[in-house]
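Remarks on the structure that follows.
Taken together, the values in this text are just the output of simple stated rules run on the coordinates, not laboratory data. Given the structure is predicted, the values throughout are model-derived calculations rather than measurements. Backbone-built Cβ (ideal geometry, glycine too); neighbour counts: all protein chains shown.
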Amino acid sequence: MKQAILSTTTLDTPRMPATRVAAVNWSACAAGVAALLCAPLFLGDYYLHAMVLAMIFLLPALGLNLILGYTGMLSLAQGVFFGLGAYASALMSIHFGTPFLVNFIVAGLVAGLVALPLGIPALRLRDTSFVMCTLGMVVIAQMVSKNWIDLTRGDMGLSGVARPRLGFGDWVYTVIKAPEYFYLVLALAALAVAAFVALIRSPAGRCMVAIRDNETLAESLGVPTWTYKLLVFMLSAVFAGLGGSLYAHFSTVVSPLVFQAYYSNTILIIVLGGGVGKVPGAIIGSFVFVAVSEALRITPELRMVIYGFVLLGLVFLFPQGLAPLFQRAAERIAGIGKGPRDVR
Amino acid sequence: MSAESMLRIEGLRKNYGAVAALQGVDIEVRRGEVMGLIGPNGSGKSTLFDCCTGLQRSDAGRVLLKGVDITGWPMNRIAREGRFLRSFQKTVVFPTLDSEENLVLAGQMSRFPNVLSTFWVGPSARKRIQALRERAKELIEVTGLARVAHLPAGHMSGGQQKLLQFASMLMPEPELILLDEPLAGINPVLIEKVIQCIEHANKELGVTFVVIEHNTDVLMNLSHRVVVLHQGAKLADATPEEVVRNPEVIEAYLGG
Amino acid sequence: MSSFLFEQIVNGIITGSVYALVAAGMTMIFGVLRAINFAHGEYYMLGTFAAWWVMSKLMVDYSLAIVAGVAIVSVIAVLIGRSVMQRLIGQPFQAGVLATLGLSLILQNVVILAFGGGYKVFSGGWLEPIELGDFGMSQQRVILVVVTVAVFAGLEWMVRSTRLGRSIRAVSQNIECCQVNGIDVEQVVRRTFLIGVAIAALSGILTGPINVSIYGGMGESITLKTFAVIVMGGMGNVRGTLIAGCLLGVVESLVAGFIGLQYRDSVGFIVLLLMLMFRPHGLFSSKARF
């Protein structure tokens, strides 16, 4: 495998360094994982909860990094699939009493499958229209969850989602306490990160970056860009749905509030603030923006104000930090022609 | 050079609003030849390329690649299945990837049978990518980009990007390449290099070329045949020697 | 039955004219900046809150509150125009999305932090009904329609007859050309932004008495409905927003009246999605502007 050419902690790098499609700094990883494994020995329940939340949000953030950081599509719909996964898991648990891993996988599948009919028409749209479309999806999700009372019990929400039951035959282990949640979520988050890294190191990952950098050029070299964009849209939905499942089993209550902009915005900030298009970006972001704000008990409103300033700062002060995102737009502005699908 | 038809353009028409960019153009490109395409600005050359390769949809007419009607095929299918590539007038590369990654990407799609297979990195995929990397390294050497190969392509100079773009064309081993002003904006030394690359690809690898170029001296030396476009219509279609002597061509383009 | 229908349509036109007003501002800003102002609804909310605050804390009456509210929001618009909006000139669209999204987060949540997240009662306004044949309509609603027509007429006049209007048209068409020709593009952007936002604030203040209860998060749904209107009307097309806004208002009203009140708000979003899927360049203009 290729050696890392660049450092992966890139929060303050002004330049956008070149990249072999993915580089992993193994020693930093090892140190990080070791620290995490020991965390429950040092941290009390309150802080462990904060970290669990951070790791739960890591999953939809990885999905957003995939679609935004690596494929260059600004989607604000991660919250839709997060909530969808949460509801799917909750419903499975409440109506069928299925064990946690089943609910987890179902949540991912449901989110991915719903993303298909949503993505097909949405991906015909360009730029701003696509963003607006994804916002519209969020609102529709809110409406459906509030009004499909038979399924979702509307604003009352679904409560009584079972604590995660991990079973092998006769032996069943129920996760209740904070450290247990911590290790469960840590394991799953680690798997998600591994899957993410595998994706971006694959030839498909290279295609994603190509689409981000210059879609028309990629198309002219034989990349079926629309197919990749749809698959990436579905994959990022799967990540989000899996995160939603964890959320449902952690908070044991799911209501239409899960579709609030609050969650989508948090996921966006995690990715943008943590380092878009970088391997550890979502990890750093979820730690900084979720764990820290939970631990410091920063109120949701104040958090949103901070996020707002972070967004402004990113756009104006650190444009190179968002360089991969804007590169494609800059190329498009410079113009190498309009494709047949471009006239909308 | 065989008599087999590589690319046949029949009655191609394209309008942009009231402007007729292409007014029923018929061209045949034979396998293994280098065809020059010249004409004043606005004569429809790039539009012709766009319509053949799927970047634009023509309003009328057909494009046949080795006898297969590819009119209306999406651009990526033409590139991948048709093994038919084109370069762009304004040099484009993937700016955040370095040279080797740019080239691997260019060659990648022809090596994998379908989209889903690109997601799984098993041993056979790894072997294919490794083969691509080796070929990429060769091309980097040949084009003299070794010194800047580690930089993100967006940081290379215009001339270097042009060479990289050219090398990208060769990676998937295409049969037909359309070059849109490959010599524009690069210094004389590099011009020599690019010409050598085109000739090598044509003579040793059998690649068919259609080249738009305003550097007519070079183009006349390079081409087996030359087509002249003027205001969206074909003005001449003959050997370079004949075209250079053609009075209509001289008046419209080459200058008296 | 038919007088119920008529009433629904009239109500629809009235709410629609509010949408049209707000959308006119957003579409103008898009015209000069090629950026969608994701925070636009927040200025509507800010206008409402500014007027409310002035009335309840400073004991000012409604007519003065209208002026004060627009003035306060205008000051904010000047600050934001200089610090954020003019820097978006020439930037790729993601910059506009993220920057205005950031602004919406700040504006919305600062208001909630300052005044609390609960509902406030907007007192004031001219609620005396005017008799029009069979049914009565409050004065406030009539004023809304009158103001809408006046604003659109004013915008029309401005675009045709004033220097600013001509500059706006020029910048909307070709921004590079303007920079070369000595038009101060940044100033045009700032002024257009100010006008657009002031109109939104005015709409908020005029709708306050009709909505009665106001809350910090009310801007969000306004923004999304405005998207629907500007997409319907054609992005950058000011006249289109008048028709599109009223159309949306009427459809909403009919859905609320005949299908169910709870579906009223979803009309806008469904319309937005349908428009984006099938007619992204709007109902009227034939060429794609974005």
Close pairs (7 angstrom Cβ cut-off, 6 or more residues apart or separate chains): surrounded by fewer than 19 Cβ atoms within 10 Å (Cβ to Cβ) in the range C:241-268, acidic (Asp, Glu) anywhere
C:264/C:252
Would you mind finding the one in A:131, A:106, A:144 that is under 18 Å from residue A:247 (Cβ atoms) and either within 14 Å of chain C (Cβ to nearest Cβ) or surrounded by fewer than 22 Cβ atoms within 10 Å (Cβ to Cβ) (or both)?
A:106
Which one of these does residue A:194 not meet: (1) within 12 Å of chain B (Cβ to nearest Cβ); (2) surrounded by fewer than 23 Cβ atoms within 10 Å (Cβ to Cβ); (3) not polar (S, T, N, Q)?
(1)
If we keep just the residues of the range B:115-145 that are within 22 Å of residue A:208 (Cβ to Cβ) and of a type in the set (A, V, I, L, M), which is surrounded by the fewest Cβ atoms within 10 Å (Cβ to Cβ)?
B:116
Considering every residue within the range A:79-89, establish whether at least one is of a type outside the set (Phe, Trp, Tyr) and at positive phi.
no
Looking at the range A:262-307 only, could you name the residues that are more than 15 Å from residue A:70 (Cα to Cα), in contact (Cβ under 8 Å) with a residue 40 or more places away in the chain and in contact with a Leu (Cβ under 6 Å, 6 or more places away or on another chain)?
A:264, A:267, A:286, A:290, A:294, A:304, A:307
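For the range B:1-110, which strands (runs of 3 or more DSSP E) that fit wholly inside it have 2 or more residues that are within 17 Å of residue A:223 (Cα to Cα)?
Details: elements: B:5-16, B:19-30, B:34-38, B:60-65, B:84-86.
Those strands (runs of 3 or more DSSP E) span B:84-86.
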Condition (residue is buried (at least 24 other Cβ atoms within 10 Å of the Cβ), farther than 12 Å from residue C:205 by Cβ, in contact with a helix residue (DSSP H, G or I) (Cβ under 6 Å, 6 or more places away or on another chain) and among the acidic types (Asp, Glu)) applied to the range C:120-136: is it met by at least one residue?
no
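To keep it simple, each residue is scored yes or no on (1) under 20 Å from residue A:108 (Cβ atoms); (2) among the polar types (S, T, N, Q); (3) out of contact with any helix residue (DSSP H, G or I) (no Cβ under 6 Å at 6 or more places or on another chain).
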residue: A:194; (1), (2), (3): yes, no, yes
residue: A:205; (1), (2), (3): yes, no, no
residue: A:221; (1), (2), (3): no, no, no
residue: A:226; (1), (2), (3): no, no, yes
Given (1) surrounded by 15 or more Cβ atoms within 10 Å (Cβ to Cβ); (2) under 18 Å from the mean Cα position of the chain (by Cα), where does residue B:206 come up short, assuming only one miss?
(1)
For the range C:162-250, list the helices (runs of 4 or more DSSP H) that sit wholly inside it and hold at least 2 residues that are out of contact with any Phe, Trp or Tyr (no Cβ under 8 Å at 6 or more places or on another chain) and within 14 Å of chain A (Cβ to nearest Cβ); which are they?
C:175-180, C:218-233
Of all the helices (runs of 4 or more DSSP H) wholly in the range B:158-227, which have at least 1 residues that are basic (Lys, Arg), within 14 Å of chain A (Cβ to nearest Cβ) and touching a Leu at 6+ places or on another chain (Cβ under 8 Å)?
B:158-170
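Do the conditions hold for residue C:113, that is, is it surrounded by fewer than 22 Cβ atoms within 10 Å (Cβ to Cβ) and more than 14 Å from residue C:208 (Cα to Cα)?
On the way: surrounded by fewer than 22 Cβ atoms within 10 Å (Cβ to Cβ): yes; more than 14 Å from residue C:208 (Cα to Cα): yes.
Judged against the criteria, residue C:113 is a match.
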